[in-house]
Amino acid sequence: MITNFANAASIPALVQSIHHPNCIAKNIELSILRLDKIHPIISGNKLFKLHGHIQRLQQQSYQGAASFGGAYSNHLAALAYACNVLHIDSIGIIRGEQPTTLSPTLLDCIRYGMQLKFVSRSDYAQQDNIKAKYPNHYWIDMGGYGTDGTTGFKWLLNRFNSAAYSHIITAVGSGTTVAALQTHCTPQQQIIGISSMKQNHSLQNSINALLPDSLKNRYQLFHDYHFGGFAKTTTELIEFIQTIYRSYQLPTDIVYTSKMIYGTLHLIRNNHFRAGDKILMIHGGGLQGNRSLPPETLPF
Ligand SMILES: *Cc1c(COP(=O)(O)O)cnc(C)c1O
């Protein structure tokens with residue numbers, strides 16, 4: 001399924017060097033894996049997280065796929081698109097009452113044939129009750145969380161010289177990508193997750209639950225780069241996104257990737273890394289969150 005969307009031969013070309021003054025002065029090599037360039041819709045880490053889930057769905061006789069998300073969910077947009085191409089029925093459970101105007105992300109989901117069901121915030125918390133209403137669907141947890149969400153990354157890391165990096169850094173939502181990188185990296189590599197949420201300390205348990213004992217707690221998580229909370233922005237963050245775009249032709253989103261790059265540059269400046277380190281940031285792809293901003297806020 002992955003090879004339908006991602007061209008294996010083009011993966012090495014997705015590594016972009018970032019010549020930032022912080023890095024040059026400290027003799028640190030910084031690059032970013034541009035997973036945003038893989039595909040215009042099913043971009044980024046969501047493609048690799050869906051791989052294992054869709055494989056399992058296709059091996060058994062489910063009526064379709066179902067999952068959860070918010071109004072600007074990168075995960076639901078990717079799932080709806082993948083299901084459309086693969087002729088799989090899809091259901092999206094959306095948190096909150098149905099608004100009079102749907103977000104552009106949800107309109108896209110409908111266009112790809114996803115059935116949307118709006119549930120109140122209190123019902124949304126009872127995910128097992130919702131799942132019980134559609135027992136013949138293959139349920140994917142929010143953000144593609146789960147062991148099946150980790151398998152696709154093996155394919156990705158084998159497609160380029162990923163073992164050459166001393167550190168691999170990703171933004172964190174569900175934690176599946178951190179668990180996947182930890183599972184498939186070499187024992188010498190350090191995986192770092194930069195949380196997009198405010199002080200979500202249950203993350204460590206969620207990530208450990210996807211790892212064998214020998215790999216639990218080997219990764220590092222940082223919780224200080226959320227800019228006020230999940231999907232929250234500040235003027236400083238918007239200016240940072242504009243600067244990163246102008247300097248490196250690098251489009252980023254307000255939820256995950258901009259905060260991850262900001263955090264990485266901050267850690268470099270504060271001597272978290274040593275001379276000679278080679279850092280690879282993973283651009284998680286999805287830019288859906290930016291569609292919640294007033295028009296013309298960003299130059300891309
Ligand atoms: C979903 C997402 C993440 C977080 O991935 P998890 O595996 O859920 O931790 C990071 N970046 C982007 C752009 C995403 O869409």
Legend entry - Alpha carbon convex hull of segment 56-111, volume per residue in cubic angstrom: 79 Å³
Legend entry - Highest-fluctuation residue, Leu280, Leu50, Leu250 considered, GNM on the chain with Cα pairs under 10 Å: Leu250
Inset, instruction - Enter the Cα centre distance for the pair segment 105-167 and segment 15-64, rounded to the nearest angstrom. - result: 15 Å
Legend entry - Ascending count of other beta-carbon atoms within 10 Å, so fewest first, for Lys26, Lys133: Lys133, Lys26
Inset, instruction - Return the Rg/Rh value of the chain, two decimal places, where both radii are evaluated on C-alpha atoms and Rh is the Kirkwood radius. - result: 0.95
Inset, instruction - Take the alpha carbon gyration tensor of segment 104-233, find the square roots of its eigenvalues, order them as a ≥ b ≥ c, and report rounded if a/c is under 1.5; if not, report prolate when a/b exceeds b/c, else oblate. - result: prolate
Inset, instruction - Enter the angle in degrees (range 0 to 90, nearest 10) between the Cα long axis of helix 74-86 and the first principal axis of the Cα atoms of the chain, meaning the one along which they spread out most. - result: 60 degrees
Legend entry - Average projected area [Cα convex hull, segment 238-300], square nanometres: 4.6 nm²
Inset, instruction - Using only alpha carbon pairs under 8 Å that are at least six residues apart, calculate the relative contact order of segment 72-171 and give it in whole percent. - result: 26 percent
Legend entry - Inverse mean reciprocal Cα-Cα distance (Kirkwood Rh) of segment 5-110, Å: 16.1 Å
Inset, instruction - Using a cut-off of 12 Å between beta-carbons, work out the net charge of the residues near Ile207 (Lys and Arg +1, Asp and Glu -1, Ile207 not included). - result: +2
Inset, instruction - Treat every Asp and Glu Cβ in the chain as -1 and every Lys and Arg Cβ as +1, leave all other atoms uncharged, and give the resulting dipole magnitude about the Cα centre to the nearest 20 debye. - result: 300 debye
Inset, instruction - Starting from the Cα of Lys259, draw a straight line to each of the lysines and keep only those under 30 Å, dropping any in the same chain fewer than 8 residues away. - result: Lys26, Lys37, Lys46, Lys49, Lys154, Lys198, Lys216, Lys232, Lys278
Inset, instruction - Please work out, to two decimal places, the log10 of the ratio I(q)/I(0) at q = 0.16 Å⁻¹ from a Debye calculation in which every Cα of segment 51-162 carries one identical scatterer. - result: -0.73
Inset, instruction - Rank-order 293-299, 251-257, 144-150 by packing density, defined as the average count of other C-beta atoms within 10 Å over each peptide's residues, highest first. - result: 251-257, 144-150, 293-299
Legend entry - Principal axis dimensions, segment 171-287 - Cα atoms, whole angstrom, descending: 42, 32, 25
Inset, instruction - Measure out, as a whole number of angstrom, how far apart the alpha-carbon centroids of segment 245-300 and segment 195-223 sit. - result: 21 Å
Legend entry - Rel. contact order, % - alpha carbon contacts under 8 angstrom, at least six apart, the chain: 24 percent
Inset, instruction - Could you list Leu47, Leu14 in order of exposure, starting from the residue whose Cβ has the fewest other Cβ atoms within 10 Å? - result: Leu14, Leu47
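Bear in mind that the values in this text are calculations on the coordinates, not laboratory data. A quick note: this is a predicted structure, and the numbers were derived from the prediction, not measured. No Cβ is skipped: glycine too gets one built from the backbone with ideal geometry, and neighbour counts run over all protein chains shown.
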